[in-house]
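The values are calculated or read from the model by the stated rules, or taken from the named source; none is laboratory data. Everything numeric here is computed off the predicted structure, so don't read it as measured data. Please note: Cβ atoms are built from the backbone with ideal geometry, for glycine as well, and neighbour counts cover all protein chains shown.
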Amino acid sequence: MFFLPAPSEGSFALKTIPKFTCRIIAGSANNVLATEADGAALFQRGILYAPDYVINSGALIQWWYRQKTYDVKNRRDPREAISDLYSVIRNILKESREKKLAPTRVADRYAEGQLKKEKTYREFHWGYEK
C-alpha cells in the first residue's frame, strides 16, 4: 500500500509513525518529517520513504531552466533535466538498501555532495555571477 501525503509541514512524527500501515510513502507535501529521527523511524519500520525534496524537484528544475531573469549556465530542455531524477531516486534507494541507511540520510548526503564548497552565495542560490 502507498501513502501519498499532502499534509502540513512536520506532520510525521515519532507519535504518528507507528500508526502507518503502508509500505511506501511518496508525495507532494514538503517537509513532512518533523525531525531527522522520523526518517530513521520509518526506515526501521520497513516503510520506504521517498524524500520529498528529491521527488518534488521537477517543478523547481522546470522553473530554473525556463526563467529568463538570470543567466543560466548550460541551459537545456527542462524535460531532459527532469528525466535525470529517475536515476537519482533509484540510486538513493539502492544505496539506502545496500548500506542499511534511511533514504532521507542518503538523499541528504547526495545533495550535500552535489554542492561545491567554493561556490559563492550568489552561485549557490541563483547560478550566476555578475
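If the condition is being of a type in the set (D, E, K, R), closer than 15 Å to A107 by Cβ and either in contact with a strand residue (DSSP E or B) (Cβ under 7 Å, 6 or more places away or on another chain) or in a loop (DSSP other than H, G, I, E, B) (or both), then segment 22-39 contributes only D38. Whether a residue is among the hydrophobic types (A, V, I, L, M, F, W, C), at pLDDT 80 or above and either within 16 Å of Y110 (Cβ to Cβ) or in contact with a helix residue (DSSP H, G or I) (Cβ under 8 Å, 6 or more places away or on another chain) (or both) was assessed, and I82 passes this test.
In segment 94-108, the residues that are closer than 14 Å to A41 by Cα form no Cβ pair under 8 Å with any partner that is of a type in the set (K, R) and modelled with pLDDT of 95 or more, whether six or more places apart or across chains.
Checking each residue in segment 40-54 for being at pLDDT below 90, surrounded by 16 or more Cβ atoms within 10 Å (Cβ to Cβ) and part of a helix (DSSP H, G or I) picks out D52, V54.
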